[in-house]
Each structure stands twice: as structure tokens, then as C-alpha cells.
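The values are calculated or read from the model by the stated rules, or taken from the named source; none is laboratory data. Model, not experiment: these values are computed from the prediction. Positions of Cβ are backbone-derived with ideal geometry, glycine not excepted, and every protein chain shown enters the neighbour counts. Just the protein is used for accessible areas: all its heavy atoms, side chains included, with ligands, DNA and RNA removed. Shrake-Rupley method; radii C 1.70, N 1.55, O 1.52, S 1.80 Å.
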Amino acid sequence: TKTISKCYVQVTGMTCASCVANIERNLRREDGIHSILVALMAGKAEVRYNPAVIHPSAIAELIRELGFGATVLENCGEGDGVLELVVRGMTCASCVHKIESTLMKTNGVLYCSVALATNKAHIKYDPEAVGPRDVIQVIKDLGFTTSLVKKDRSASHLDHKQEIRQWKRSFVVSFVFCIPVMGLMIYMMVMNSHPSDAPAHHNTSSEGREAPHSSMLLDYQLLPGLSVMNFLSFLLCVPVQVFGGWHFYIQAYRALKHSTANMDVLVVLATSIAFLYSFIILLVAMAERAQVNPVTFFDTPPMLFVFISLGRWLEHVAKGKTSEALARLISLQATEATIVTLGPDNVLLSEEQVDVELVQRGDIVRVVPGGKFPVDGRVIEGHSMVDESLITGEAMPVTKKPGNTVIAGSINQNGSLLISATHVGADTTLSQIVKLVEEAQTSKAPIQQFADKLSGYFVPFIVAVSVVTLLAWIIIGFVDFEIVEKYFLGYSESISWAEVTIRFAFQASITVLCIACPCSLGLA
């Protein structure tokens, strides 16, 4: 017998099934080519050839001459089948050895490992020489019961419902509390910018408070140093910080644990510092029984959390949409196949129902009217119309007669067909589509990777800048206090100048943090 080798060629530029047919037809005519199998979605051709007559590079050249791009794939391991089995009835290490050694002797089995603790067997095989049913039969003959590891067909790992829920909740909580905070803030701004509404004779009373001013109600001190405005803001801010920011805190903690800084770290830093600073300033003011209400930042955390949780929520909704499409794709896959044994002149000898994962290349599969095609294959016998709209988008049913190819996941309409399986398992068109969509979801766009990389440097940079701001203003204050006095309005004479400087420096550095936090980079 002449030796037959196998090579894989990556083919680019194929657009439809006729390209596949074109390549297969032309290459079959060539000397030294035994068989060729082209997978459209994977863009791969599997060629069996006689190395004495033709070389893989010549095969690639032949494909190039037909107008397609072709490169020979070096790692031919791609074509190996992988099988995961649950084996019951093993009692000790000698059982494991017995199974492994028997399988390794079996023609076509490339690698085998059996774990006694988990009852699992992991087998790699050459689909040309041996198939999953043969492997299972070998193990059964040794006296063990075995079954396939059930694959999760529900695509639950693509489900974003939980994330959508959590970010929606986080957004709603932040939003509900943010509205009154914004209202208060805008009211104060408007009132303070129209001091003319107040009576002209500014009757400044002994405690240093203005006479009836329209924002007086909010400035009114419940306790010395604690105004209504600050108290309300504090009350509204706490639930946002706890419930709205919960997920940010968890993610920031995880990031810091792995000593990386992402946008969550910045969000948490800015909101926590703003919140704690404001809270401490309030306590200090109350302790000092200050007449002038301190400037707090309680409006920052709710507004930040609203913007960012809205962004996260929308992002997960968008991801969920793609995943939904993918879950639908996965649900197209048939779960079982009817395998038939044919005698001479295509006489039916027997048929059996097996799991779709157990269909081997070259098996004859019967597809009844209304049934789904479990694998990609070629029609051997029968005529029928096939609905391929779910995969190709072709609205009208396509006629299939002997020699035509069929695609897994399409629906057989009126006639019974016998097909010979050409692509099974992960090689079917449908599995390839699912794989491509999954890869598209998990891989990041280059610009996104760049943004992630930047934000890795961005966070420490911003923190550094705000620390520099803090130190710079403290130094300026101690060197030349008048500058601080000029910019820091509304500090009362009752506080020492050192404290005014430190307060102002803090205010400036927190402003830096808060402004940098919801930057477009992070949101995008």
C-alpha cells in the first residue's frame, strides 16, 4: 500500500459553498491527492495526499491558482478529535492502567489519560482512523460502563442577566438619591448667585449670620456647624455610597489585591475620599461649633455613581443582546442522530440513536422529514427540500439530491435523506459560527486594549497629581497665605490660618480626583 499523509491548509477568500465545491472538484483531479475536505467557516482544507507524488506546498499553490489565499498549517494537531468520558466501575490504579494501555494500543488513539479520583477519561484520537464510538466500545469490552461528559448546551456562561440586574439596581439606587442632591445643589447655586433678593441692609446679627435670605432655610443650622443642606446631603449620600457603590468596591478590592489599578479603583478612591473628607469636615465644624457652614462634597459620589453605573448597565445590556443571538445559535444544534448501517446496494441493515457527539466522520446518518441535520455532510440517497435560512439566511428551501452538501442545524422538510458525515463535532459549520461569535465577544478591540493599558497608568498618575496638588497648596499657604485667602472664599476668622490652608489644599486635591474620575476614557 502506498503511504498516505495528511496536511491542513488555511484557505482565505472563500465566500460561499460554491467556492468550497470549486476547490474540492479541482483538487480531486490532481495526481497524488487522495481526498480533500474543505470547511468554509473555519477556512480550512484537510488534504490526504501521497507524499511520493505531491507536497503540501504544491497543494497550497494549486489552491492559490484557483484565486484563493492558501498557507500550509504546520501544527497538524488541529485535526485531532478530543473525547471526554465518564468511566464507572474503576476500583484501583490497575483498572486505570488497564484502560490506558488498551486504548494506547488501539489504532488511531494518540493520547489517553484516565483519572481515578474524578472517574474521567481524556482521549485524543485521529478521526480518520478511529471514532468516539469505537473508543467507548473498547472501554466497554474491558468491563467498565462509560458515558460522554454532558456538554452544557444552554450557553449559560454567555448569560448577562445577573450583571444587567445588578448594574440596573446600582443605577436606580444612585439615581433616586442623586435627584434630590442635584436639586439642592442647583437651588443653592441659584440662590447664592442672586444675593440681590435679600434685603439691602444686610442686618448681620451677632452670630455672624445674614438676615432672611432665601437660601436661609438650607443654611439654617440644626446643630452648631451642621446646616440643613449638609445634613440632607449626608443622609442622601450614605445609601448611594453603600448600595450604589457596592459592586465598585468589590471590583476595586479585587483589582488592588492583584496590585493593578483599574477605573473602579479611581471611582472608589474619588467617591470615598470625597465622602470621608466631607464627613470629617462636618464633624470638625460641629466640634468647633462653627458659624460658617463648611464646604462639603456630598454631591459628588451620587452623581459619579449615576453616570458610571448607567454606563456599565448599558454595556451589559449590549453584551446580553449578542449573547442572546449566540444562545439561539447554540440551541439550533441537534442533540441526537440516527446512524444507519448499510449493506450492499444501500440496503438498510440496522439503525441506532446516538448522541450527536458520538457521530464519526464517514457515518451514514438518516434525517427524517422535519428533523434537524446533526452534522455537516453529503447526501448519499434521497431527495428533499432543506430550510437553511437559520444559517445561510436563504429564505427559500434549497433542493438537495445525492452529492449535495448539507449544513448542521438546517431543517429537512419533506423527504427522508441519507447523508454521509463529513464534518462532526467542533468542525461543523454551526460550531464554527458559534466559536467565531464567542471569540469576537471575548477578544477586545485593539483600541479597547489600549484604553485598558492606559487606565493602568492613568489611575496612579491621577492619584499622584492630586497628592501633588495637596502638597503644593499647603506649601503655598504656609509661604504666602494671602493667595489662599484670595481663592478660599467664606472661611471665617475663627479658624486658624494653618487650618484654612489645609482645608483649601484638600478641597483642591479632591476636585482633581473627582474631575478625573468619570473621564471619557473610563466611561468609553
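When HIS97 is tested against (1) open to solvent by 80 Å² or more (accessible area, probe 1.4 Å); (2) closer than 17 Å to VAL11 by Cα, exactly one condition is not met: (2). Cβ separations smaller than 9 Å between residues 6+ apart or across chains give the following pairs from the stretch 266-280 residues that are free of Cβ contacts under 8 Å to residues at least 40 places away in the same chain to residues that are outside any helix (DSSP H, G or I) and open to solvent by 10 Å² or more (accessible area, probe 1.4 Å): PHE275/PHE297.
Could you please let me know if ARG88 is in contact with a Phe, Trp or Tyr (Cβ under 9 Å, 6 or more places away or on another chain) and open to solvent by 60 Å² or more (accessible area, probe 1.4 Å)? Considered against the rule, which asks whether it is in contact with a Phe, Trp or Tyr (Cβ under 9 Å, 6 or more places away or on another chain) and open to solvent by 60 Å² or more (accessible area, probe 1.4 Å), ARG88 comes out as yes.
When the residues of the stretch 335-352 are narrowed to those that are polar (S, T, N, Q) and loosely packed, with under 15 Cβ neighbours inside 10 Å, which ends up nearest to ARG133 (Cα to Cα)? Spell out the reasoning first.
Applying the first criterion (polar (S, T, N, Q)) to the stretch 335-352 yields 335, 338, 341, 346, 350.
Going one step further and asking which of them are loosely packed, with under 15 Cβ neighbours inside 10 Å, we end up with 335, 341, 346, 350.
Details: THR335: 16, THR341: 14, ASN346: 22, SER350: 16 Å.
Here the residue is THR341.
Which one of THR392, THR399 is open to solvent by 60 Å² or more (accessible area, probe 1.4 Å), touching a His at 6+ places or on another chain (Cβ under 9 Å) and of a type in the set (Val, Ile, Thr)? Let's see the steps before the verdict.
Values: THR392 fails: touching a His at 6+ places or on another chain (Cβ under 9 Å).
Sole residue among the options that is open to solvent by 60 Å² or more (accessible area, probe 1.4 Å), touching a His at 6+ places or on another chain (Cβ under 9 Å) and of a type in the set (Val, Ile, Thr): THR399.
Out of all the residues in the stretch 109-119, which are of a type outside the set (Phe, Trp, Tyr), under 26 Å from THR422 (Cα atoms) and open to solvent by 20 Å² or more (accessible area, probe 1.4 Å)?
Filtering the stretch 109-119 down to residues of a type outside the set (Phe, Trp, Tyr) leaves 109-110, 112-119.
Checking the rest, the ones that are also under 26 Å from THR422 (Cα atoms) come to 109-110, 112.
Result: LEU110, single match.
Yes or no, residue by residue, for (1) open to solvent by 30 Å² or more (accessible area, probe 1.4 Å); (2) on the phi > 0 side of the Ramachandran plot; (3) under 26 Å from the mean Cα position of the chain (by Cα):
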position: ILE273; (1), (2), (3): yes, no, no
position: ILE281; (1), (2), (3): no, no, no
position: GLN291; (1), (2), (3): yes, no, no
position: PRO294; (1), (2), (3): no, no, no
position: ARG312; (1), (2), (3): yes, no, yes
position: GLN333; (1), (2), (3): yes, no, yes
position: ARG366; (1), (2), (3): yes, no, no
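Specify the residue that is modelled with the highest pLDDT; the eligible residues are those in the stretch 431-444 that are among the hydroxyl-bearing types (Ser, Thr, Tyr) and part of a helix (DSSP H, G or I). I'd like the intermediate steps shown before the answer.
Going residue by residue through the stretch 431-444, those that are among the hydroxyl-bearing types (Ser, Thr, Tyr) are 431, 442-443.
With part of a helix (DSSP H, G or I) added as a condition, the list becomes 431, 442.
Working: SER431: 84, THR442: 66.
Across the stretch 431-444, the extreme among qualifying residues is SER431.
Across the stretch 371-389, the number of residues qualifying as open to solvent by 30 Å² or more (accessible area, probe 1.4 Å) and either assigned by the TED database to the domain that holds GLY108 or over 12 Å from ALA334 (Cβ atoms) (or both) comes to 7.
Here's a check for you: in the stretch 120-141, which residue that is in contact with a Leu (Cβ under 9 Å, 6 or more places away or on another chain) and part of a loop (DSSP other than H, G, I, E, B) is most open to solvent (accessible area, probe 1.4 Å)? Steps first, answer last, please.
In the first step, residues of the stretch 120-141 are kept if they are in contact with a Leu (Cβ under 9 Å, 6 or more places away or on another chain); the result is 120-126, 131-133, 135-136, 138-139.
Applying the additional criterion that residues be part of a loop (DSSP other than H, G, I, E, B) yields 126, 131.
Numbers: ASP126: 40, GLY131: 1 Å².
Here the residue is ASP126.
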